[in-house]
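Shown next, in structure tokens, is the structure this report addresses.
The values are calculated or read from the model by the stated rules, or taken from the named source; none is laboratory data. Everything numeric here is computed off the predicted structure, so don't read it as measured data. Positions of Cβ are backbone-derived with ideal geometry, glycine not excepted, and every protein chain shown enters the neighbour counts.
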């Protein structure tokens, strides 16, 4: 039983690392594909290009959500490193809701992060369940024998 528990914990850590990388890649992708095309750098400073299009008007909002996505990715990594199941589960629900709510705009950048975060939380939950079940079995075996 300990072997499967260890495998689930390792799987959870690996999925958490992949989730963090996917979240950071999503944030970078948002910046590269939806913000940088509308940024102008000149000797007088950095500004948004005034093309009057919807993309240029949404660039600051997308940059904000890219920052939110990067912060969420770092929070997931912190929860995975600490093996904090409660925090990771709360973040998994938050990120999954974020992916659903942004499905038609930036959801493509968020969905891989959400899926991997939920899978990491499930792996840690399975590890915790097997750990508790194994402890009870060990106590019963000690009491009987």
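Being at negative phi, out of contact with any helix residue (DSSP H, G or I) (no Cβ under 8 Å at 6 or more places or on another chain) and assigned to a strand (DSSP E or B) is the filter here, so list the residues in segment 31-46 that pass it.
Matches in segment 31-46: 40, 41, 42, 46.
Is there any pair linking a residue in segment 75-87 that is modelled with pLDDT under 95 to one that is outside any helix (DSSP H, G or I), with Cβ under 7 Å and at least six apart or on different chains, and which?
none
Being surrounded by 18 or more Cβ atoms within 10 Å (Cβ to Cβ), out of contact with any strand residue (DSSP E or B) (no Cβ under 9 Å at 6 or more places or on another chain), farther than 15 Å from residue 16 by Cα and in contact (Cβ under 8 Å) with a residue 24 or more places away in the chain is the requirement here; does residue 98 meet it?
Yes: the conditions hold for residue 98.
Here are some residues: 36, 54, 48, 72. Which one is surrounded by 13 or more Cβ atoms within 10 Å (Cβ to Cβ) and either farther than 22 Å from residue 96 by Cα or without any contact (Cβ under 8 Å) to a residue 12 or more places away in the chain (or both)?
The match here is 48.
Regarding segment 18-30, can at least one residue be identified that is assigned to a helix (DSSP H, G or I) and more than 23 Å from residue 101 (Cβ to Cβ)?
No, there is no match, as no residue in segment 18-30 is assigned to a helix (DSSP H, G or I) and more than 23 Å from residue 101 (Cβ to Cβ).
Can you tell me which residue among 108, 86, 103, 67 is surrounded by fewer than 16 Cβ atoms within 10 Å (Cβ to Cβ) and assigned to a loop (DSSP other than H, G, I, E, B)?
Of the residues listed, the single one that is surrounded by fewer than 16 Cβ atoms within 10 Å (Cβ to Cβ) and assigned to a loop (DSSP other than H, G, I, E, B) is 103.
If only one of 54, 69, 74 is farther than 21 Å from residue 128 by Cα and in contact with a helix residue (DSSP H, G or I) (Cβ under 6 Å, 6 or more places away or on another chain), which one is it?
Among 54, 69, 74, only 69 is farther than 21 Å from residue 128 by Cα and in contact with a helix residue (DSSP H, G or I) (Cβ under 6 Å, 6 or more places away or on another chain).
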